[in-house]
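Here the structure is laid out as structure tokens; the discussion comes afterwards.
No lab work stands behind these numbers, since they all come straight from the coordinates. As the structure is a computational prediction, the values presented were derived from the model and not from experiment. Cβ sites come from the backbone with ideal geometry, for glycine too, and all protein chains shown count toward neighbours.
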Amino acid sequence: EIPSLAETFAGYFPIGAAIEPSQTEGLKAELLKKHVNWLVAENVMKPEAIQPMEGSFNWTNADRLVAFAKENGMEVRFHTLVWHSQVGAWFFKDAEGKPMVDETDEAKREANKKLLLKRLDTHVRTIVERYKNDIHSWDVVNEVIEPADPDGMRASEWYKITGTDFIETAFRAAREAGGPEVKLYINDYGTDNPAKRDRLYELVKEMLDKGVPIDGVGHQTHIDVYGPTVDSIVGSMEKFAELGLDNLVTELDMSLYAWNDRRDLGNDIPDDLLQKQADRYRELFEAFRANKDMIGGVVFWGIADDHTWLNSFPVTRTNAPFLFDKQLHAKPAFWAVVDPAGQA
Ligand code: G3I
């Protein structure tokens with residue numbers, strides 16, 4: 001009988017996993033019940049899944065996940081109210097069905113912006129009102145920073161049509177619909193990268209100064225065996241903690257491949273690579289433990305190597321980013337995390 005991750009970290013922070021509703025059954029469900037306190041929807045709470053067409057809300061899958069969590073005493077994080085991906089194209093079309101971004105007439109551009117913010121406001125309020133008592137914390141906006149784009153803001157349709165107003169509208173609507181209790185996060189990847197971190201910091205600071213209700217920063221933490229450094233990951237959290245914000249690790253996984261590597265190792269993953277992964281997971285969780293006061297929770301973007309987006313990104317191949325293997329057995333990385341002083 002192996003130790004429980006959730007119990008191991010009980011004095012530090014909750015442990016979570018992102019899942020699809022289909023994983024709430026069978027052996028996967030048992031693994032989750034044993035090891036995690038938080039669940040996140042890998043896909044079924046994204047804008048496109050919840051409101052595929054204007055005014056038509058689809059709650060079935062999201063409800064299933066919430067019900068499973070409740071039955072098992074787990075909490076749910078909501079991912080995500082706003083994103084540039086997996087969002088219905090209808091959001092960004094005007095009354096005639098024309099893409100809002102193509103509009104050149106100034107008055108019509110203003111009208112489009114109003115319409116889009118109104119749609120966003122409705123989306124956010126409808127969801128938050130339904131789930132406010134079931135959700136532990138909310139990813140309000142996801143991946144809005146892009147240092148390579150103009151102003152360092154991702155040149156999404158949201159940004160092109162509204163500037164940063166969509167961010168403000170989303171947070172304010174969530175707070176108004178959810179009340180003072182709901183915890184609201186801005187979530188992004190690569191927050192260890194200085195350019196990205198600093199632009200995110202600047203945005204968050206500007207929003208807080210305007211009274212926009214942001215409670216914390218979600219650091220996705222999609223990393224690999226080679227980088228980035230643990231210091232840069234924790235260093236970024238320190239910056240946001242200084243603003244009085246909570247930090248969450250929201251989408252942790254550790255690819256076996258460097259970011260520009262396109263090889264496929266297949267199913268015979270070398271032992272020394274699994275050991276390297278274990279050592280890095282050990283170092284990472286040691287740093288998380290040491291900084292528990294500024295980390296509100298650690299969520300993996302999956303739970304076992306049989307199900308991970310990294311098996312299809314950036315190419316289709318075998319990856320193995322988690323603490324449990326395809327057979328749901330504990331890997332060297334699991335032991336490195338639960339027993340850092342051991343010989344694992
Ligand atoms: O739902 C359709 C299904 O109807 C269709 O038959 C099937 C065929 O490909 O596709 C299904 O949609 C897939 C969807 O996952 C649900 O399984 C999409 O193709 C696929 O692109 C999508 O990938 C998700 C990805 O976000 C989309 O960008 C991954 O599962 C999910 O892990 C990933 O999660 C993101 C976070 O939301 C944000 N941060 C990065 C993270 C990893 O990319």
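Below are the figures for this structure:
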{"read-out": "Highest-first arrangement of 293-300, 113-120, where packing means the average Cβ count within 10 Å", "value": "293-300, 113-120"}
{"read-out": "Computed over segment 50-141, the ratio Rg/Rh where both radii use C-alpha atoms and Rh is Kirkwood", "value": "1.07"}
{"read-out": "Packing-based ranking, highest mean first, of 168-174, 52-58, 4-10 given that Cβ atoms within 10 Å are counted", "value": "168-174, 4-10, 52-58"}
{"read-out": "Relative counts (whole %) of C-alpha pair distances in segment 132-174, using bins that are 10 Å wide", "value": "26, 48, 20, 6"}
{"read-out": "Kirkwood Rh, angstrom, segment 183-234 [1 / mean 1/r, Cα pairs]", "value": "11.9"}
{"read-out": "For segment 5-338, fraction of C-alpha pairs farther apart than 32 Å, in %", "value": "29"}
{"read-out": "Beta bridges per DSSP with both ends in the chain, % antiparallel, nearest 5", "value": "10"}
{"read-out": "222 nm mean residue ellipticity, helices alone, for the chain (DSSP H n ≥ 4; -39,500 (n - 2.57); rounded to 500)", "value": "-12000 deg cm²/dmol"}
{"read-out": "Qualifying lysines (Cα of each under 20 Å from Cα of Lys34; at least 8 residues distant if same chain)", "value": "Lys70, Lys326, Lys331"}
{"read-out": "Rounded Å value of the spacing that divides the Cα centres of segment 282-310 and segment 90-142", "value": "32"}
{"read-out": "Partner aspartates and glutamates for Lys28 [C-alpha distance under 20 Å; skip if fewer than 8 residues away on the same chain]", "value": "Glu1, Glu7, Glu20, Glu42, Asp63, Glu71, Glu75, Glu251, Asp253, Asp305, Asp306, Asp325"}
{"read-out": "Semi-axes of the equivalent ellipsoid for segment 1-76, Cα gyration tensor, largest first, Å", "value": "27, 12, 9"}
{"read-out": "Ratio of Rg to Rh over segment 130-202 (Cα coordinates, Kirkwood Rh, two decimals)", "value": "1.02"}
{"read-out": "Highest to lowest packing among 310-320, 11-21, scored as the average C-beta count within 10 Å", "value": "11-21, 310-320"}
{"read-out": "When each of Lys205/Lys276; Lys196/Lys292; Lys33/Lys292 is checked by Cα-Cα distance, pairs over 28 Å", "value": "Lys205/Lys276"}
